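*Asks:* The structure under discussion is supplied below as structure tokens; questions concerning it will follow.
Nothing in this text is a laboratory measurement; each read-out follows from the coordinates by a stated rule. For clarity, every value in this text was computed on a predicted model and none was experimentally measured. We place every Cβ from the backbone using ideal geometry, glycine too, and count neighbours over all the protein chains shown.
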Amino acid sequence: MTRLRLDGLLPGPAAIDGGLASELEARGYDLRHELWSARLLASDPDAIRDVHLAYFRAGAQVAISASYQASRTGFRAVGMDADEADSLLRRSVRLAQQARDQALGEGVAGPLLVAASVGPYGAIRHDGSEYRGRYGIGRGELSAFHAERLEVLAGAGPDLLAVETIPDVNEAEVVAELLCGFADIPAWMSFSCADESRTRAGQPFAEAVAVAVSSPNVVAVGVNCSAPHLVEGLLALAGTVTDGPLVVYPNAGGTWDPSTGMWTDNVSQFLPADLVRRWVALGAGLVGGCCGIGPDAVTAIAAALPR
């Protein structure tokens, strides 16, 4: 199988968007709900599209869809059937595509891409499991969960898949295997990490990187929704495993409190330009932000990237 490449999509280092949910919260939306931002796919899709558009206007070249916490399993828990769930998954991609088309129509320079978010299984539990891993379920159940969602999202026509916030090497193995069934769709895989050498589940980050790049679909691998001060060490470690492009979009350095459904103790809403440039020097081809990083911060990230 031919290995897909990031440079076939983007000409050089590019900015990803920032936190979708945290920007929605900044706009006054209460997301303390089992589906988090995904509930707005049904109740207020325009709000999601508007945030995607704001990030494109801010300088992002890649928008990540609002499907992180969306799945048949999750939607079923709030009374929806499989057809309704699949429709909302497809809508998450379509909203980002609509925002992309509007941004291009306004004269925002392209290329602009849409990445369909493939969040971890733990996200549907709404209890912080995505920051622990080790879910206590069998490989077959984990594979079935991801397989049905990947099929729907891939069928919606995104430019690539964003397999993100993966806390556990075991889950990465399952998804890497499944990605091989979507031969022509590139993906990145990024991990949530506990420190500069381990995933949230406590496994060696180098092992996680090796699992990710074992899939020919994976065009970049790295870290997201982890504290910015951990990134440099993690990228350096990833560089000992792969010479391919890396992806990084940390959070604002806060702590997720599953009891309140909120982030606390955010350290900084901006990423210093010299830090961004060091990440690029270590191989980052995609740089953005996660929870707590908004449009103004993405503008600064885009300005810091080498041209």
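*Asks:* Which log10 I(q)/I(0) values, to two decimals, does region 1-123 give at q = 0.20 Å⁻¹ under the Debye formula with one point per Cα?
*Replies:* The computed values of log10 I(q)/I(0) come out as -1.09.
*Asks:* Take Ile137, Ile48 and order them by how many other Cβ atoms sit within 10 Å, fewest up front.
*Replies:* Placing the least packed residue first, the sequence is Ile137, Ile48.
*Asks:* Using the beta-carbon distance between Glu207 and Asp243 and R0 = 22 Å, what value does 1/(1 + (r/R0)^6) give for FRET efficiency, to the nearest 0.05?
*Replies:* 0.80
*Asks:* Given the chain, report the % of alpha carbon pairs whose separation exceeds 30 Å.
*Replies:* That fraction is 22 percent.
*Asks:* Continuing with the same structure: Sort His146, His52, His229, His126 so the one with the fewest other Cβ atoms within 10 Å of its own Cβ comes first.
*Replies:* By the 10 Å Cβ count, ascending, the order reads His229, His126, His146, His52.
*Asks:* For region 174-187, in order, what is each residue's ³J(HN,Hα) by Karplus, 6.51 cos²θ - 1.76 cosθ + 1.60 with θ = phi - 60°, in whole Hz (x at glycine and Pro)?
*Replies:* 4, 5, 4, 5, 5, 4, 5, x, 10, 4, 9, 10, x, 9
*Asks:* Write down the percent of antiparallel bridges among all DSSP beta bridges whose residues are both part of the chain, to the nearest 5.
*Replies:* 15
*Asks:* If the only charges are +1 at each Lys and Arg Cβ and -1 at each Asp and Glu Cβ, what is the size of the charge dipole of the chain around the Cα centre, to the nearest 20 debye?
*Replies:* 300
*Asks:* Shifting gears a bit: Please check: in the Gaussian network model of the chain (C-alpha springs, under 10 Å), which one of Gly155, Gly288, Gly18 has the largest mean-square fluctuation.
*Replies:* With Cα springs under 10 Å in the chain, the top fluctuation among Gly155, Gly288, Gly18 is at Gly155.
*Asks:* Can you give the calculated 222 nm mean residue ellipticity of the chain, where each DSSP H run of n ≥ 4 adds -39,500 (n - 2.57) and the sum is split over every residue, rounded to the nearest 500 deg cm²/dmol?
*Replies:* Mean residue ellipticity at 222 nm (helix-derived): -12000 deg cm²/dmol.
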